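Here the structure is laid out as structure tokens; the discussion comes afterwards.
The values are calculated or read from the model by the stated rules, or taken from the named source; none is laboratory data. None of the values given here were measured: they were computed from a predicted structure. As a convention, Cβ positions derive from the backbone with ideal geometry for all residues, glycine included, and neighbour counts pool all protein chains shown. Please note that ligands, DNA and RNA were not included when accessible areas were found on the heavy atoms of the full protein model with its side chains. Shrake-Rupley method; radii C 1.70, N 1.55, O 1.52, S 1.80 Å.
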Amino acid sequence: MSTMHQKISILLPLLAAFILLSSCEDATAEEEKSPEIVYLHPEFTMTIEDLKEMTTSLPEATRQAILAKPQDFLELVLKVSEEPEILTILVDKNHALPEEWEPEDRVSLNDYPLAVSRKDLSLSKAVMPHVLALNDAAKADGVTLLFSSTFRSWTYQQGLYQRYVKADGQEAADRYSARPGHSQHQLGTVIDFGSITEAFADTKAGKWMKENAWKYGFSLSFPEGEEAVTGYMWEPWHFRYIGPDTMALQRDFFGDSQQRTLEFLHDNKAQIEAFRVQQ
């Protein structure tokens, strides 16, 4: 073998090794440039950066609670998204129901073993199993729940609001009464209990509701000290059925604020759906 051939034989393995090493380095560099995408939940194509962006406008305590347990948060959001829409429709001072809107499955409370203050009360039939469970639990603890106000039509609320304005002026009325279309009562999933006054909070029924209503999916809509958030004065008698999953979302991540919970779901509904894994 010539000297030239010997040199080539020696260099070829070295060249091959160099090429292989370069390929590995290129692959490593490519991996560093394109890190693996990590999704937070198997049903969502959402990363932690996506969730950070979605929660930017929330109060810091709420945001940190969500980012600390993102999978638990998204699991609840998933469950809530599969519930009937009526449970989470945002009805407040900025979001109204149409004049003709009312639950199609409305039933009279006279058909159930409930204590009522008047005979014209009705609710959505869909919430009645939960209403009965709530009522039975209260009875078991020696508490009688008096159902004082339930579904109100747009027209009924209009008359009620106008009477309050005439009596106290519009500015005062707006603190404790919803304008027509803006009342949660129109949903047929809301109950006013007892005296419909702040005195209810100190009654046996009021104390029981404060401690136990959430266990059955009922949320206090207008808590004490939250008028700047809800737009309304404290109403310890006013509870809306939002379901156990939305209730858990409210308590675990939104500082037990119904308003903030429903606002988040409303404002991010389309975005949340866009992140859902397509079946």
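Just to be sure before I move on: is Asn94 open to solvent by 60 Å² or more (accessible area, probe 1.4 Å), within 23 Å of Thr261 (Cβ to Cβ), without any contact (Cβ under 8 Å) to a residue 12 or more places away in the chain and not acidic (Asp, Glu) in the structure I sent? Talk me through it step by step, then tell me what you get.
Numbers: open to solvent by 60 Å² or more (accessible area, probe 1.4 Å): yes; within 23 Å of Thr261 (Cβ to Cβ): yes; without any contact (Cβ under 8 Å) to a residue 12 or more places away in the chain: yes; not acidic (Asp, Glu): yes.
Considered against the rule, which asks whether it is open to solvent by 60 Å² or more (accessible area, probe 1.4 Å), within 23 Å of Thr261 (Cβ to Cβ), without any contact (Cβ under 8 Å) to a residue 12 or more places away in the chain and not acidic (Asp, Glu), Asn94 comes out as yes.
Inspection of region 171-183 finds no residue satisfying the criterion of being in a helix (DSSP H, G or I), under 16 Å from Phe147 (Cα atoms) and touching a residue at least 12 places away in the same chain (Cβ under 8 Å). Scanning region 230-251 for residues that are closer than 18 Å to Leu67 by Cα and without any contact (Cβ under 8 Å) to a residue 40 or more places away in the chain, we see that the one that is least open to solvent (accessible area, probe 1.4 Å) is Gln250. In region 115-131, the residues that are free of Cβ contacts under 8 Å to residues at least 24 places away in the same chain reach residues that are crowded, with 17+ Cβ neighbours inside 10 Å with C-beta atoms within less than 7 angstrom, at least six apart or across chains, in these pairs: Lys125/Val107; Met128/Val107.
Out of Phe218, Phe254, report the one residue that is over 20 Å from Phe151 (Cα atoms) and open to solvent by less than 10 Å² (accessible area, probe 1.4 Å). Please lay out each step first, then the result.
Working: Phe218 fails: over 20 Å from Phe151 (Cα atoms).
Only one candidate qualifies: Phe254.
Taken together, Leu76, Leu51 contain a single residue that is closer than 30 Å to Thr150 by Cβ, assigned to a helix (DSSP H, G or I) and of a type in the set (A, V, I, L, M), which is Leu76. Name the single residue, out of those in region 71-116 being touching a strand residue (DSSP E or B) at 6+ places or on another chain (Cβ under 8 Å) and charged (D, E, K, R), that is nearest to His266 (Cα to Cα). Here the answer is Glu75.
Go through Ala205, Ala201, Ala173 for me and flag whichever is within 25 Å of Leu97 (Cβ to Cβ), touching a helix residue (DSSP H, G or I) at 6+ places or on another chain (Cβ under 8 Å) and at pLDDT 95 or above. Steps first, answer last, please.
Working: Ala205 fails: within 25 Å of Leu97 (Cβ to Cβ); Ala201 fails: within 25 Å of Leu97 (Cβ to Cβ).
Only one candidate qualifies: Ala173.
Of all the criteria given as (1) on the phi < 0 side of the Ramachandran plot; (2) not in a helix (DSSP H, G or I), the one not satisfied by Val229 is (2).
Which ones in region 245-278 are assigned to a loop (DSSP other than H, G, I, E, B) and among the hydroxyl-bearing types (Ser, Thr, Tyr)?
Initially, region 245-278 is screened for residues assigned to a loop (DSSP other than H, G, I, E, B), giving 254-257, 268, 277-278.
Residue satisfying the conditions is Ser257 alone.
Restricting attention to region 115-145, the residues being buried (at least 18 other Cβ atoms within 10 Å of the Cβ), of a type outside the set (S, T, N, Q) and not in a helix (DSSP H, G or I) number 3.
Failed condition for Lys79, given (1) surrounded by 13 or more Cβ atoms within 10 Å (Cβ to Cβ); (2) modelled with pLDDT under 95, with all others met? Checking Lys79 against (1) surrounded by 13 or more Cβ atoms within 10 Å (Cβ to Cβ); (2) modelled with pLDDT under 95, the one that fails is (2). Within region 183-235, the residues that satisfy the criterion of being out of contact with any strand residue (DSSP E or B) (no Cβ under 9 Å at 6 or more places or on another chain), within 22 Å of Asp136 (Cβ to Cβ) and among the charged types (D, E, K, R) are Lys204, Lys207, Glu211, Lys215.
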